[in-house]
Amino acid sequence: MHNKPFRPEPFSDFSKPEVAAAFEQGLATVKEQLGQRYPMIIGGKRVDTGESIASVNPSQPDQVVGYAARGGLAEAEAAVQAAVEAFPAWADTPAEVRARVLFKAAAIMRRRRHELSAWMCHEVGKNWAEADADTAEAIDFLEYYGRQMLRLAAPQPLTPYPGEENHLYYRPLGVGVVHSPFNFPLAILTGMTAAAIVAGNTVVVKPSTEAPVIAAKVFEILEEAGLPPGVANLLFADPVEVGDYLTTHKEVRFINFTGSKQVGCHIYELAAKVQPGQKFLRRVIAEMGGKDAIIVDGSADLDEAAAGIVASAFGFSGQKCSACSRAVVTADVYDQVLEKVVARTRALKIGPATEKATDVGPVTAERYQKKILEYIEIGKSEGRLVLGGSARPGGFYVEPTIFADVAPNARIAQEEIFGPVLAFIKAEDFEDALRIANDTEYGLTGSVYSRNRANLERARKAFMVGNLYFNRKSTGAIVGVHPFGGFNMSGTDSKAGGPDYLLLFTQAQAVSEKL
Ligand code: NAD
């Protein structure tokens, strides 16, 4: 398998009846298994404290998706120790063998594809297409990082030098911690974990408390793929209880974090402090939030632009770091674009994530719904509400919401809301649009819709985001195709799914022998 070049996993085409039927089967399989209990996995052993984290279906909050055993400091310590013990043998395992575990896990995920997606429909409220893309991305990370490790393990090109034999080896760092976010509960957890372990490290994985069940599924798969006990340890816990303990642990050499700016900054600061007995500088990979803008100018195909804005703003209810939360449109076409976006948004079907016809499901948790509704209230004093603005009953639903005539410095134009709330901002001209788009503390993704070559080339240089797209939506980065990571307060720009990512989990050793 790995001697074939990496190619991204195609998305499922649900317009084909047999594909839709297979997805329905995945949903049925999950329904039979709702409400089960998931222990932690530490050193290969199932650990249950008797305490629980209940994971509920946001489309139907009286339905429990599963119960995760809730750990605390004792389990966090046990997980670190298990990772410490497993490290020497795993680091010594040939890279090819480590990579093979990833390729096998990818094959298992491919077989269980619709079931895994169905877990996400139930656990976080992704609709069919969003869940399918998440599963495809998880498979891609496994296939891609496996191949990248084989590349790094091969002899590295060094300049020949007379009388010496020289090599550069990429060695693992040691024990790390993975904190994954709720919004790509399969892909990001899998990618962050797979990269660290294929490079020869061992890890404690502490998933989002909103998505423990899908994390347990990943661990089932890694185990079946032959990952030795202790290489990846699964800890379910309240991050407030165990987060700082793990961040400052003297055995923890790196933290791989994806989540909010606030938590990322906290970890970054705390991790920098060298603890008594600590013999290394701890690395932090922190991928954080966004306030992503789509710019549209007068030369653009306005229908394409409107379609891209709607897909980017309201896909998975705007709960993507790459979601468009600002449409920055030049004055000449502002009213037209607004009208087209409103019309398309009005046509979106809101409903339970498990239903095939649903475009926009719920947001993932009640506390997120509450926060988003608070921002909508703020928005009412900062802009003109043209669509949506309310919750819907039955689940944690928030209507796709559009505010027009928002000032660039308004709170809803500056702060990450992480929900289906879009601010329209009028720009005088293209230069003004670029200035507005760049004027937040973030710098994750951005798009430009234009047919003006000079404008596109100007944006290529001056639009300061880690992932810049022309004439396409701002979401949907593909592993290996669009290495992903942001500038400024969007994070450390790790470029997940890119050729440089694994370097973050290795230290290079140059070995020189005199002949
Ligand atoms: P979050 O910051 O609440 O949580 C992220 C992870 O960190 C979770 O596992 C959580 O349990 C853990 N955590 C929370 N407090 C902690 C602490 N004190 N110490 C250690 N770990 C702690 O984020 P979220 O709500 O799960 O995810 C949404 C956020 O993630 C948004 O801001 C979004 O933009 C961002 N995100 C960024 C990217 C990216 O690639 N840049 C990708 C996805 C999501």
Among the candidates Gly289, Gly298, single out the residue that is touching a residue at least 24 places away in the same chain (Cβ under 8 Å), part of a loop (DSSP other than H, G, I, E, B) and in contact with a helix residue (DSSP H, G or I) (Cβ under 7 Å, 6 or more places away or on another chain).
Gly289
Restricting the first residue to region 100-122 and requiring it to be buried (at least 24 other Cβ atoms within 10 Å of the Cβ) and part of a helix (DSSP H, G or I), which pairs with a second residue that is at pLDDT 95 or above and of a type in the set (Lys, Arg) meet a Cβ separation below 7 Å and a spacing of at least six or different chains?
Leu116/Lys217; Trp119/Lys217; Met120/Lys126
If we only count strands (runs of 3 or more DSSP E) wholly inside region 392-506, which ones have 3 or more residues that are in the same structural domain as Gly379 (by TED's automatic domain parsing) and over 25 Å from Thr135 (Cβ atoms)?
401-404, 421-427, 445-449
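Looking only at region 321-346, how many residues end up being part of a loop (DSSP other than H, G, I, E, B), closer than 13 Å to Ala293 by Cα and charged (D, E, K, R)? Spell out how you get there, then give the answer.
We begin by selecting, within region 321-346, every residue part of a loop (DSSP other than H, G, I, E, B); these are 321-323, 331-333.
Filter once more, keeping what is closer than 13 Å to Ala293 by Cα: 321-323.
With charged (D, E, K, R) added as a condition, the list becomes none.
Going through region 321-346 one residue at a time, the tally reaches 0.
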When region 123-142 is examined, which residues are found to be open to solvent by 10 Å² or more (accessible area, probe 1.4 Å) and of a type in the set (S, T, N, Q)?
Asn127
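Filter region 403-421 down to the residues that are closer than 25 Å to Thr354 by Cα and not small (Gly, Ala, Ser), then identify the one that is most open to solvent (accessible area, probe 1.4 Å).
Step one: of region 403-421, the residues closer than 25 Å to Thr354 by Cα are 417-421.
Subsequent filtering for residues that are not small (Gly, Ala, Ser) retains 417-418, 420-421.
Values: Ile417: 7, Phe418: 47, Pro420: 0, Val421: 6 Å².
Here the answer is Phe418.
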Could you tell me whether Lys371 is closer than 18 Å to Gly125 by Cβ, open to solvent by 10 Å² or more (accessible area, probe 1.4 Å) and not β-branched (Val, Ile, Thr)?
yes
Which listed residue is open to solvent by less than 20 Å² (accessible area, probe 1.4 Å), touching a Phe, Trp or Tyr at 6+ places or on another chain (Cβ under 6 Å) and outside any helix (DSSP H, G or I), from Val363, Val284
Val363
Across region 143-183, which residue is nearest to the ligand (Cβ to nearest atom) among those that are open to solvent by 30 Å² or more (accessible area, probe 1.4 Å) and of a type in the set (A, V, I, L, M, F, W, C)?
Leu150
May I ask you to verify whether Thr358 is of a type in the set (S, T, N, Q), away from the ligand (no atom under 16 Å from the Cβ) and not in a loop (DSSP other than H, G, I, E, B)?
no
For region 22-52, name all the residues that are within 22 Å of Phe316 (Cβ to Cβ) and either touching a strand residue (DSSP E or B) at 6+ places or on another chain (Cβ under 9 Å) or assigned to a strand (DSSP E or B) (or both).
Val30, Leu34
Unique match (being closer than 16 Å to Ser208 by Cα, aliphatic (A, V, I, L, M) and open to solvent by less than 10 Å² (accessible area, probe 1.4 Å)) among Val56, Val65, Val80
Val65
Tyr268 fails exactly one of the following numbered conditions: (1) of a type outside the set (S, T, N, Q); (2) open to solvent by 60 Å² or more (accessible area, probe 1.4 Å); (3) away from the ligand (no atom under 12 Å from the Cβ). What is the number of that condition?
(3)
Every residue from region 198-214 that is within 16 Å of the ligand (Cβ to nearest atom) and either in contact with a Leu (Cβ under 9 Å, 6 or more places away or on another chain) or open to solvent by less than 10 Å² (accessible area, probe 1.4 Å) (or both)
Val203, Val204, Val205, Lys206, Pro207, Ser208, Ala211, Pro212, Val213, Ile214
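If I go through region 315-342 residue by residue, how many of them are away from the ligand (no atom under 16 Å from the Cβ) and either buried (at least 24 other Cβ atoms within 10 Å of the Cβ) or more than 25 Å from Gly394 (Cα to Cα) (or both)?
Of the residues in region 315-342, 15 are away from the ligand (no atom under 16 Å from the Cβ) and either buried (at least 24 other Cβ atoms within 10 Å of the Cβ) or more than 25 Å from Gly394 (Cα to Cα) (or both).
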All but one of (1) in contact (Cβ under 8 Å) with a residue 12 or more places away in the chain; (2) within 11 Å of the ligand (Cβ to nearest atom) hold for Val240; which doesn't?
(1)
Condition first: within 9 Å of the ligand (Cβ to nearest atom) and under 26 Å from Pro39 (Cβ atoms). Can you find one or more residues in region 215-235 that meet it?
no
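The values are calculated or read from the model by the stated rules, or taken from the named source; none is laboratory data. Small disclaimer: the values here were computed from a predicted structure and weren't measured. A quick note on method: Cβ atoms are made from the backbone with ideal geometry, for glycine too, and the neighbour counts reach across all protein chains shown. Just the protein is used for accessible areas: all its heavy atoms, side chains included, with ligands, DNA and RNA removed. Shrake-Rupley method; radii C 1.70, N 1.55, O 1.52, S 1.80 Å.
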